[in-house]
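Q: This structure is in structure tokens; I'll ask about it shortly.
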Amino acid sequence: MKALLKVTAAIIACAIMVLVILRITGLDPQQRRAGLWLKGTVASFPADWSFADKYPTVMVETHPWYIVPHAVTIFFVTYQGDLYLHADYDPGGKWPNDKSWTRNVGRNPNVRIKFDNQVFPGKADLVTDPTLFDTLFQTFRKKYPKSPYSKDSRRGDVYFLHFVPG
């Protein structure tokens with residue numbers, strides 16, 4: 001029993017050490033691999049996000065119930081100087097439950113995004129206005145013409161989140 005207790009304590013200590021190291025160094029997501037904390041210089045919220053158009057994707061850090069952040073790389077669009085995050089699902093998927101990061105946003109809309117080495121804190125609000133959604137969907141189709149989510153038939157599986165100051 002004493003040996004089991006020592007082994008358990010050692011495993012917990014190692015896990016805590018790994019988390020502390022990752023907190024210091026960060027762990028950005030890569031392509032389809034999720035990450036943890038986004039490291040970089042915290043920047044103030046810009047009035048115009050048009051500068052972001054030169055990037056194909058954005059890193060987004062969400063906050064799950066288990067405290068350790070969850071970061072992913074996703075598509076986004078800008079419209080009239082505002083930034084909108086793109087969430088897509090397999091056919092029949094519904095907001096927010098079918099992806100870890102959207103489930104986290106549904107529970108806690110405070111997120112951080114990263115372009116280059118700049119991290120921007122803010123809040124992700126689901127777009128519910130159908131007219132705005134249509135405009136964003138058309139903007140998305142122009143920016144990502146080869147994405148399967150650019151097809152009108154996939155429209156019901158796509159969501160947009162407005163990134164606003166938190």
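Read the figures in this text as sums done on the coordinates, not as results from a lab. Being a predicted model, the structure only gives us computed values, none of them experimental. Cβ sites come from the backbone with ideal geometry, for glycine too, and all protein chains shown count toward neighbours.
Q: Given H placed on each backbone N at 1.01 Å, which residues far from V127 in sequence or on other chains put an amide H within less than 5 Å of it?
A: Answer set, sorted by chain and number: F160, L161, H162.
Q: Moving on to the next point. Indicate the gyration tensor shape class of region 29-164 (rounded, prolate or oblate), computed on the Cα atoms with a ≥ b ≥ c the square roots of the eigenvalues: a/c under 1.5 is rounded; otherwise a/b larger than b/c is prolate and the rest oblate.
A: oblate
Q: Under the definition of Cα pairs under 8 Å and six or more residues apart, what whole-number percent is the relative contact order of region 29-164? Write out the running numbers ahead of the final one.
A: On the way: 259 pairs, mean separation 37.7, N = 136.
Value for region 29-164: 28 percent.
Q: Quick check on the exposure proxy: order K151, K54, K143, K99 from fewest to most C-beta atoms within 10 angstrom.
A: K54, K151, K143, K99
Q: Would you order S100, S150 from fewest to most other beta-carbon atoms within 10 Å of each residue's own beta-carbon?
A: Ordered by Cβ neighbours within 10 Å, fewest first: S100, S150.
Q: For every other residue with a beta carbon closer than 11 angstrom to the beta carbon of N117, add +1 if it is Lys or Arg and -1 if Asp or Glu, then tell me the sum.
A: Working: positive: K39, K114; negative: D28, D116.
Spelling it out: positives minus negatives among the neighbours equals 0.
Q: What is the fewest-to-most order of D152, D53 by other Cβ atoms lying within 10 Å of their Cβ?
A: D152, D53
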